[in-house]
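Report on one structure; see the data block that follows.
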C-alpha cells in the first residue's frame, strides 16, 4: 500500500518546463519601459499555481511597490497576447484569463524568491534567480 501511495505522489510531481537560462530569456517582455516577466511564467518556473504566486505577493504587499509589480491594462495585455502569439482559443477555449496578469520587474522577481514557499530547489538553490536577474539586465 505504501508503494502505491509513493507511486501516485511521484506521478503528481511537477517537472519544470523551462530549465535553461537561454529559454527564460524568451519569457522577458518590455512593458512600460521596464523588463518584466508575467505572473504565469514565473509561476511555471517556481512550480506553483499563478493564483498562489499572486496571493503570496498580495499578502506581502508592503514588499511589492508599483515598481516591483503592476497589473497590466487591457491594452498592455492585448499587446502581450499579440506579441506572444496567443489567442483566446489557445487558453483552453474558455476565453483566456479572467483577470489581467501581473508583471514583475527584476526587483519583484527577487522579492518573490523570498516570499514564496515553493518546494522547487532547482530554481532557487542552483542560482537560477541570480542568473535570471543578470539576464534581465542584459536583455
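Considering only residues in segment 5-23 that are at pLDDT below 55 and either touching a strand residue (DSSP E or B) at 6+ places or on another chain (Cβ under 8 Å) or part of a helix (DSSP H, G or I) (or both), the one that is nearest to residue 102 (Cα to Cα) turns out to be 21. Residues in segment 24-48 that are surrounded by fewer than 12 Cβ atoms within 10 Å (Cβ to Cβ) and either at pLDDT below 85 or on the phi < 0 side of the Ramachandran plot (or both): 26, 30.
The values are calculated or read from the model by the stated rules, or taken from the named source; none is laboratory data. Here the structure is a predicted model, which means the values were calculated and not measured. Reconstructed Cβ throughout: ideal geometry from the backbone, glycine too, with neighbour counts over all protein chains shown.
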